[in-house]
Amino acid sequence: MPILAKNPVREEFAACSTSSNYYNTKGDAIDAFDTVLRDYGMKLEDENIVDLSGPEGRTHWTVVTDCELYPECIGQAVISWYRMPSGRYEFVGYLA
């Protein structure tokens, strides 16, 4: 079942985007986004190889049900990042 437009996970996922705080590492940001999904029985697909190289970029990540045997694709996460002059990262994410 796809992630519906009114599902509260969309707002919580987007709330992990940088507003006044920045992430120390790209991994910290991805963990924050994935934690929100897991709270709703979803996760970023483990098998999906996502390239987060470079100081800035944008990627799509498959969102699946948090099921060990047969995870079902239920949406896409669109995530972009930018490394600030301070060395910390600004992230923006939303679910499609």
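Readers should treat all values here as calculations from the given coordinates under stated rules, not as data from a laboratory. All values derive from a computational prediction rather than experimental measurement. Here the Cβ is made from the backbone with ideal geometry for all residues, glycine too, and neighbour counts use every protein chain on show.
Would you mind pulling out the separation of the Cα centroids of the range 1-64 and the range 65-80, in Å? Between the Cα centres of the range 1-64 and the range 65-80 lies a distance of 11 Å. Say the dipole of the range 8-95 comes from +1 at the beta carbon of Lys and Arg and -1 at that of Asp and Glu; which of Asn21, Leu95, Thr65 then lies farthest toward its positive end? The one lying farthest along the dipole's positive direction is Asn21.
Backbone geometry of the range 23-34 corresponds, through the Karplus equation with coefficients 6.51, -1.76 and 1.60 at θ = phi - 60°, to 3J(HN,Hα) couplings of 8, 6, 9, 5, x, 4, 5, 4, 4, 5, 4, 5 Hz, x marking Gly and Pro.
Note on P(r) over Cα pairs in 10 Å bins from 0, in percent: of the candidates (1) 17, 51, 27, 6, 0; (2) 15, 41, 25, 14, 5, 0; (3) 17, 46, 32, 6, the value calculated from this structure sits at (1). Summing charges over all other residues whose Cβ lies under 12 Å from the Cβ of Gly54, with Lys and Arg as +1 and Asp and Glu as -1, gives +1. Average projection, convex hull of the Cα set of the range 1-51: 4.4 square nanometres. Residue by residue, the range 35-40 carries 3J(HN,Hα) couplings of 4, 4, 4, 4, 4, 10 Hz when phi is fed to the Karplus relation 6.51 cos²θ - 1.76 cosθ + 1.60 (θ = phi - 60°); x denotes Gly or Pro. Residue separation of Ser86 and Ala14 scaled by 0.36 nm, minus their Cα-Cα distance, works out to 23.6 nm of gained length.
Amide H to amide H, with H built 1.01 Å from N, Asp66 comes under 5 Å of Met42, Lys43, counting only residues 5 or more places away or on other chains. The stretch between Lys6 and Asp28, if pulled fully straight at 0.36 nm per residue, gains 5.2 nm over its current Cα-Cα span. In this simple spin-label model, placing a label point 7 Å from the Cα along the Cα-to-Cβ direction at both Tyr94 and Thr65 gives a separation of 2.7 nm.
Stretching the chain fully between Glu72 and Thr35 yields a gain of 11.5 nm (0.36 nm per residue, less the alpha carbon separation). Once backbone amide H atoms are built at 1.01 Å from N, Gly75 has Val63 as its partners under 5 Å, excluding neighbours fewer than 5 places away on the same chain.
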